[in-house]
Amino acid sequence: MNYPTISVIVPSYNQDRFLETTLRSVLEQSYPKLELIVIDGGSTDSSRSILQAYSPHLAYWVSEPDGGQTRGLIKGFARATGDIWCWLNSDDLHTPTTLKEVAEYFLQHPFVDAVFGDTLWINEQGAALRVQREIPFNRFLWMYTYNYIPGMSMFWRRNLYQRAGGLNPEFDLAMDADLWIRFADVGQIKHVRALWSHMRFYPEQKNRRLRDRSNAEDFKIRARYWQNSPPALYQFKKCVAQSLRVTWKLLTGCYPLGYRRYLEQT
């Protein structure tokens, strides 16, 4: 099979306790056309030593101040040459068959621009917490509930990123939400019922520590599309969207009793 090249960008800063595990989760898949790029923001822990040890397996890596995660990602994607792109935070993981499944999906669906799978939340030690099993992308539900696309399970064609204008350095926390909705403006986003990542959930996690800032950025992104809707209309749409989302998830089995049952089904 003529697999596409997949570029995986890993942004990192002082994450030496997780970084090696993240890199191994990508490399140990032995995907034949992998371009793994690590952009480290000048870590002061042992991250540089880890990157030096793994350098034979990396297409590119750098450790220097970069102005934050979004600017680091922009730097990484500027180096990417693959057909399919994604990013994986240095505290998250890909599952063992993710890249092969992603490649086969794009080969079988030539008119799909982006696709996302599900994720398993894990704790600091890597133990499973719960499965985040999702519904397909729906613009109305996404706009009036929250960004339910798990970024570490999202993959897209290179030209979609270019058509959408790439990441916006204005956003440091909700940059993924900003990119996804601009993807939806110019392309087609699909969902597959597959576990493609593990997302680490712990107190020091960036979006947990800075939740208020993240929410403010998210609101600013969505407000671009609301066109000054009256507060009452906004609240009505939000209630409708939340009800539809819960109903859709219930009807499609997105609320399993436990992650083991989910894993047995996938």
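The values are calculated or read from the model by the stated rules, or taken from the named source; none is laboratory data. Bear in mind that the values here come from a model prediction, so they are computed numbers and not experimental data. No Cβ is skipped: glycine too gets one built from the backbone with ideal geometry, and neighbour counts run over all protein chains shown.
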Inset, instruction - Only one of these is within 24 Å of residue 174 (Cβ to Cβ), of a type in the set (Ser, Thr, Tyr) and part of a strand (DSSP E or B): 90, 7. Name it. - result: 7
Inset, instruction - Name the residue, out of 214, 197, that is buried (at least 19 other Cβ atoms within 10 Å of the Cβ), modelled with pLDDT under 95 and not in a loop (DSSP other than H, G, I, E, B). - result: 214
Legend entry - Residue check, residue 155 crowded, with 18+ Cβ neighbours inside 10 Å and touching a strand residue (DSSP E or B) at 6+ places or on another chain (Cβ under 8 Å): yes
Legend entry - Answer residue from region 159-178, given it is of a type in the set (Gly, Ala, Ser) and over 14 Å from the mean Cα position of the chain (by Cα) and is nearest to residue 139 (Cα to Cα) among those: 164
Legend entry - Any pair with Cβ under 8 angstrom, 6 or more apart, that starts in region 40-63 at a residue that is surrounded by fewer than 16 Cβ atoms within 10 Å (Cβ to Cβ) and ends at one that is part of a loop (DSSP other than H, G, I, E, B) and modelled with pLDDT of 95 or more: 42/13; 42/64; 44/14; 45/14; 45/15
Inset, instruction - Quick one: in region 122-142, of everything that is aliphatic (A, V, I, L, M) and in a loop (DSSP other than H, G, I, E, B), which residue is surrounded by the most Cβ atoms within 10 Å (Cβ to Cβ)? - result: 135
Inset, instruction - Collect the residues in region 39-83 that are in contact with a helix residue (DSSP H, G or I) (Cβ under 6 Å, 6 or more places away or on another chain), of a type in the set (A, V, I, L, M, F, W, C) and part of a strand (DSSP E or B), keeping them in residue-number order. - result: 39, 61
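If you take the residues of region 226-242 that are of a type outside the set (S, T, N, Q) and surrounded by 12 or more Cβ atoms within 10 Å (Cβ to Cβ), which of them is farthest from the chain's Cα centre (by Cα)?
Within region 226-242, the match that is farthest from the chain's Cα centre (by Cα) is 236.
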